[in-house]
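Peer 1: Dropping the structure in here first, questions after.
The values are calculated or read from the model by the stated rules, or taken from the named source; none is laboratory data. Everything numeric here is computed off the predicted structure, so don't read it as measured data. Here the Cβ is made from the backbone with ideal geometry for all residues, glycine too, and neighbour counts use every protein chain on show.
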Amino acid sequence: MSDSWLRFWDRPHKIYVNDRHLRVHYARIADEILAILPDRAGLQVLDFGCGEALDAARVAQRVARLYLHDGAPSVRAHLAERFAGTANIAVLDDAGLAALADGSLDVIIVFSVIQYVGRLALPGLLRQWRRKLAPDGVLVVADVIPPNARMLDDIHALLATAWHHGFFLAALGGLALTLFSDYRRLRQSLGLAVYTEDEMRRLLHDAAFTVESLPRNLGFHRARRTYVARPISG
């Protein structure tokens, strides 16, 4: 993640309009992860760039070991405190991730992260994830923004979610605050990394993955894309 975006996520922010929005967001992510996990025992799973991961304990009930990685120190501190009593959850920084044995992970989930990663840095991350995956493992890269995505798509996703989950008025207020937020200024100055399907397929293939594009994106943003990648043998 670029230093500017990392600093943003490492301090208090108003991405979520209220506590209800925050909880709905992470509950949906946990639901999506649970739905894509292979149906077998002993899974070793990494949630890369996991954020606050409020519902990670639900995911941990289905796996042998859940690794939560986040680049922001303050987020890792929250995670370590929140899941201190959950024996099969481990919170990792970059060094902890690098120390995991190659070929040890069955599933890696990367949800709404790569838009904040510099385009030159992404190939290295893909290669690292490839090394950490077991030969029959799976990498899920979700919420990838295509070049034709619009800010209106984000607004629609927020308002539709807010209407369905009962925080519509708070969402309208949150949109007004966003006009003057650090997030909007950073998004205007730095932009978000966007990828066509052809680009994602090429990047993943170059990192020795086969690639499948799911018919719908995981999460709330219907205009975004999810890719499922598996290691190429040999």
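Peer 1: Filtering region 72-86 down to residues that are within 22 Å of Val117 (Cα to Cα) and in contact with a strand residue (DSSP E or B) (Cβ under 7 Å, 6 or more places away or on another chain), which residue is surrounded by the most Cβ atoms within 10 Å (Cβ to Cβ)?
Peer 2: Among those that are within 22 Å of Val117 (Cα to Cα) and in contact with a strand residue (DSSP E or B) (Cβ under 7 Å, 6 or more places away or on another chain), it is Leu79.
Peer 1: Could you tell me whether Ile89 is farther than 24 Å from Leu192 by Cβ, in contact (Cβ under 8 Å) with a residue 24 or more places away in the chain and surrounded by 20 or more Cβ atoms within 10 Å (Cβ to Cβ)?
Peer 2: On the way: farther than 24 Å from Leu192 by Cβ: yes; in contact (Cβ under 8 Å) with a residue 24 or more places away in the chain: yes; surrounded by 20 or more Cβ atoms within 10 Å (Cβ to Cβ): yes.
When the stated conditions are applied, Ile89 passes them.
Peer 1: Here is a further query. Name every residue in region 211-234 that is surrounded by fewer than 17 Cβ atoms within 10 Å (Cβ to Cβ), touching a residue at least 60 places away in the same chain (Cβ under 8 Å) and not basic (Lys, Arg), in order of residue number.
Peer 2: Ala223, Ser233
Peer 1: In this structure, is Asp93 in contact with a Gly (Cβ under 7 Å, 6 or more places away or on another chain), at pLDDT 95 or above and over 21 Å from Val228 (Cβ atoms)?
Peer 2: Working: in contact with a Gly (Cβ under 7 Å, 6 or more places away or on another chain): no; at pLDDT 95 or above: yes; over 21 Å from Val228 (Cβ atoms): yes.
Here the answer is no, as Asp93 does not meet what is asked.
Peer 1: Determine the pairs where a residue that is under 22 Å from Ala95 (Cβ atoms), located within region 59-81, has a partner that is among the acidic types (Asp, Glu) and outside any strand (DSSP E or B) with Cβ atoms under 6 Å apart, the partner being 6 or more residues away or on another chain.
Peer 2: Ala72/Asp10; Ser74/Asp10; Arg76/Asp70
Peer 1: OK, next. How many residues are over 17 Å from the mean Cα position of the chain (by Cα) and either charged (D, E, K, R) or surrounded by 15 or more Cβ atoms within 10 Å (Cβ to Cβ) (or both) when one looks only at region 136-157?
Peer 2: Here is the first cut: in region 136-157, the ones over 17 Å from the mean Cα position of the chain (by Cα) are 136-137, 147-153, 155-156.
Checking which are either charged (D, E, K, R) or surrounded by 15 or more Cβ atoms within 10 Å (Cβ to Cβ) (or both) leaves us with 136-137, 149-150, 153, 156.
Of the residues in that region, 6 qualify.
Peer 1: Follow-up question, since we're still on this one. Just checking, which of Leu100, Leu54 is at pLDDT 95 or above and closer than 20 Å to Phe209 by Cβ? Before you say what the answer is, go through the steps one by one.
Peer 2: Details: Leu54 fails: closer than 20 Å to Phe209 by Cβ.
Exactly one of Leu100, Leu54 is at pLDDT 95 or above and closer than 20 Å to Phe209 by Cβ, namely Leu100.
Peer 1: For region 103-134: of the residues being of a type in the set (Ser, Thr, Tyr) and crowded, with 18+ Cβ neighbours inside 10 Å, which is farthest from Ile29 (Cα to Cα)?
Peer 2: So the first thing to find is which residues in region 103-134 are of a type in the set (Ser, Thr, Tyr), and the list is 104, 112, 116.
If we keep only those that are crowded, with 18+ Cβ neighbours inside 10 Å too, we end up with 112, 116.
Numbers: Ser112: 10, Tyr116: 18 Å.
Here the answer is Tyr116.
Peer 1: Only one residue in Val17, Val45 is β-branched (Val, Ile, Thr) and at pLDDT below 95. Which one? If you could, list the steps in order and put the result at the bottom.
Peer 2: On the way: Val45 fails: at pLDDT below 95.
Criteria check complete, one pass: Val17.
Peer 1: Just need a number here: residues in region 10-68 that are touching a Gly at 6+ places or on another chain (Cβ under 8 Å), surrounded by 17 or more Cβ atoms within 10 Å (Cβ to Cβ) and among the small types (Gly, Ala, Ser).
Peer 2: Of the residues in that region, 1 qualify.
Peer 1: Something else now. Can you name the residue in region 175-210 that is of a type in the set (Ser, Thr, Tyr), surrounded by 14 or more Cβ atoms within 10 Å (Cβ to Cβ) and modelled with pLDDT under 90 and, of all such residues, is nearest to Gln128 (Cα to Cα)? Steps first, please.
Peer 2: Applying the first criterion (of a type in the set (Ser, Thr, Tyr)) to region 175-210 yields 178, 181, 183, 189, 195-196, 210.
With the extra rule that they be surrounded by 14 or more Cβ atoms within 10 Å (Cβ to Cβ), the set shrinks to 178, 181, 183, 195.
Now drop any that are not modelled with pLDDT under 90, which leaves 178, 181, 183.
Working: Thr178: 34, Ser181: 34, Tyr183: 28 Å.
Restricting to residues being of a type in the set (Ser, Thr, Tyr), surrounded by 14 or more Cβ atoms within 10 Å (Cβ to Cβ) and modelled with pLDDT under 90, the top hit is Tyr183.
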